[in-house]
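Below is one structure, written out as structure tokens; comments come after it.
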Amino acid sequence: MPSSADLAAWVGAVGTWAALGAAVYGARAAFHMIRVERERDREQERQRQADQASSVAVWLGRAFGGDHSDSLATSVVLCRESFFPDIYLVNSSRLPVYAVGVFVWVDFSDRPIRWQDRVILPPTPEPVIASAYLDAAPDAAPVMERVVGVSIAFRDAEGTHWQRTRDGSLHRIDPADANQRTGVADGHRFVQPQNLEDVDLPAAGPEPA
């Protein structure tokens, strides 16, 4: 039969192990909570960055309908501009974006063409027009006749790189990946762009009546 001293020692040992177990459980629970909190903070940061990136967009449209009174273009340019697509840019966030690259896609090539580079795109109260005709060299008109899509690449105010594809999808870019850093996103692949001066231009179409 154990003595009272042995029983006290056993009870003390059980208490020690119980306390140790409780401490270990508490430490694991605290570590789990820290991980949850950190992941939540990272997700909030990712969402905050994505909020600005989602405010930057580019699309094709027609700048000129029937009223050309606010245009500085000449009548000759307007004649052609009336059927060339324009490139609309918007940054509806409160901060500028940087290193903006605009790329056009044409129906005679599966590679995009680097169309315009902007050091900065400030917040825009409304979409701005980077005209696909007025900003181009005269010999680039055949390109604009065949434009079917447009993409944009930019760096947000936090230094994160993004691209919006011609179908409107937004992609976060890893600058450490050379393919992503130098390519243009098209769906889930990246295509190396070509410079306008390197494009084999098709013959220009007939002048509009």
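The values are calculated or read from the model by the stated rules, or taken from the named source; none is laboratory data. A quick note: this is a predicted structure, and the numbers were derived from the prediction, not measured. Note that we place each Cβ from the backbone using ideal geometry, even for glycine, and neighbour counts take in every protein chain shown. Heads up: the accessible areas ignore ligands, DNA and RNA and are worked out on the full protein's heavy atoms, side chains in. Shrake-Rupley method; radii C 1.70, N 1.55, O 1.52, S 1.80 Å.
Residue count for segment 171-193 under the criterion of being in contact with a Lys or Arg (Cβ under 8 Å, 6 or more places away or on another chain), touching a residue at least 40 places away in the same chain (Cβ under 8 Å) and open to solvent by less than 60 Å² (accessible area, probe 1.4 Å): the result is 3.
When segment 108-122 is limited to residues that are in contact (Cβ under 8 Å) with a residue 40 or more places away in the chain and outside any loop (DSSP other than H, G, I, E, B), the one that is most open to solvent (accessible area, probe 1.4 Å) turns out to be Arg114. Residues of segment 123-143 that are part of a loop (DSSP other than H, G, I, E, B) and modelled with pLDDT of 75 or more: Pro123, Thr124, Pro125, Glu126, Pro127.
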